[in-house]
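A quick write-up on the structure given underneath.
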């Protein structure tokens with residue numbers, strides 16, 4: 001390890017201890033995981049995990065009902081099948097790409 005550099009990270013002692021215990025049970029340690037994360041950042045040129053604000057403005061039902069009302073205002077009533085597709089999307093049972101292909105009739 002002649003070509004290494006020291007990286008210091010500030011975190012709470014409690015978080016460090018909890019993470020260390022978890023990683024130890026997985027057969028690894030904080031240093032190895034930080035190095036894995038750095039390699040993934042380099043490989044993917046991104047943060048190697050999802051970073052987002054998780055503020056659900058609506059329940060799933062409210063979100064689907066809002067789409068239904070918006071579509072109705074535009075004169076486009078949704079069928080029961082349409083509503084089931086929206087619920088599947090909100091429940092992460094299908095992806096946006098899959099829905100787009102289904103709606104546009106691709107792959108038939």
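So which residues in region 39-77 are at pLDDT 85 or above and closer than 30 Å to residue 4 by Cβ?
39, 40, 41, 42, 43, 44, 45, 46, 47, 48, 49
So residue 2 passes all but one of these: (1) assigned to a helix (DSSP H, G or I); (2) surrounded by fewer than 10 Cβ atoms within 10 Å (Cβ to Cβ); (3) at pLDDT below 85. Which condition number does it fail?
Of (1) assigned to a helix (DSSP H, G or I); (2) surrounded by fewer than 10 Cβ atoms within 10 Å (Cβ to Cβ); (3) at pLDDT below 85, only one is false for residue 2: (1).
Is it true that residue 93 is surrounded by fewer than 13 Cβ atoms within 10 Å (Cβ to Cβ) and either modelled with pLDDT under 85 or not in a helix (DSSP H, G or I) (or both)? Let's see the steps before the verdict.
Working: surrounded by fewer than 13 Cβ atoms within 10 Å (Cβ to Cβ): yes; either modelled with pLDDT under 85 or not in a helix (DSSP H, G or I) (or both): yes.
It is true that residue 93 is surrounded by fewer than 13 Cβ atoms within 10 Å (Cβ to Cβ) and either modelled with pLDDT under 85 or not in a helix (DSSP H, G or I) (or both).
Does region 34-62 hold any residues that are assigned to a helix (DSSP H, G or I) and touching a helix residue (DSSP H, G or I) at 6+ places or on another chain (Cβ under 6 Å), and which are they?
Here is the first cut: in region 34-62, the ones assigned to a helix (DSSP H, G or I) are 34-44, 60-62.
Matches in region 34-62: 60 only.
The values are calculated or read from the model by the stated rules, or taken from the named source; none is laboratory data. This one's a predicted model, so the numbers in the text were calculated from it and none came from an experiment. We place every Cβ from the backbone using ideal geometry, glycine too, and count neighbours over all the protein chains shown.
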